[in-house]
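Contents: one structure, followed by commentary.
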Amino acid sequence: MRQRQAPFGTAVDVGCGTGQGTRILTSLFQKVIGLDISDAMLREAEIATNSTNVEYRNSRAEDMQFLADESVDLINVATAMHWLDAPIFLKEVNRVLRPGGCCAYIGPKSSKSYDLKLDDDVGKEDVSRRICNLFHEVRQLK
């Protein structure tokens, strides 16, 4: 497997809130987009961010029409999955992720189960395998 080097292309941080997780991604990606549906949270994120490669947007994760097909390397969802319509969101993830891209869910155990192995109408890519591969790549960058 060929190792990629940072900075990677584009990352999207879903449910970014005040941008804490978004800002962590700025040193690893050329462009980082933080999404949230709260204008107040996005204002706080903009105030706290001094990186020039970050853009914040008021947008639902289930509708990222502002992104081209296969244009994103990483979609990060930190403790926001329970707010999303998972089947619709995962279809959108499948549309915007580049081949070899990764959707990472970070959060507490929930009573809901999110099967990140996408079904036939979305695609058969095993997302959990992609998360593991990206994790190992990032660990080697340090």
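The values are calculated or read from the model by the stated rules, or taken from the named source; none is laboratory data. What you see is a predicted model, and the numbers here were worked out from it, not measured in a lab. Quick reminder, even Gly has a Cβ in these numbers, built from the backbone with ideal geometry, and neighbours come from all protein chains shown. With ligands, DNA and RNA removed, areas are computed over all heavy atoms of the protein, side chains included. Shrake-Rupley method; radii C 1.70, N 1.55, O 1.52, S 1.80 Å.
Annotations for the structure displayed:
- Residues being open to solvent by 70 Å² or more (accessible area, probe 1.4 Å) and either hydrophobic (A, V, I, L, M, F, W, C) or farther than 17 Å from PHE29 by Cα (or both) - total across the range 86-102: 3
- Given (1) modelled with pLDDT of 55 or more; (2) farther than 15 Å from GLY34 by Cβ; (3) open to solvent by less than 20 Å² (accessible area, probe 1.4 Å), index of the condition TYR105 fails: (3)
- Restricting attention to the range 43-63, the residues being of a type in the set (Val, Ile, Thr), part of a loop (DSSP other than H, G, I, E, B) and surrounded by 14 or more Cβ atoms within 10 Å (Cβ to Cβ) number 1.
- Any chance VAL32 is assigned to a strand (DSSP E or B), surrounded by 21 or more Cβ atoms within 10 Å (Cβ to Cβ) and in contact (Cβ under 8 Å) with a residue 24 or more places away in the chain: no
- From the options ALA68, ALA40, residue that is in contact with a helix residue (DSSP H, G or I) (Cβ under 8 Å, 6 or more places away or on another chain) and open to solvent by 30 Å² or more (accessible area, probe 1.4 Å): ALA68
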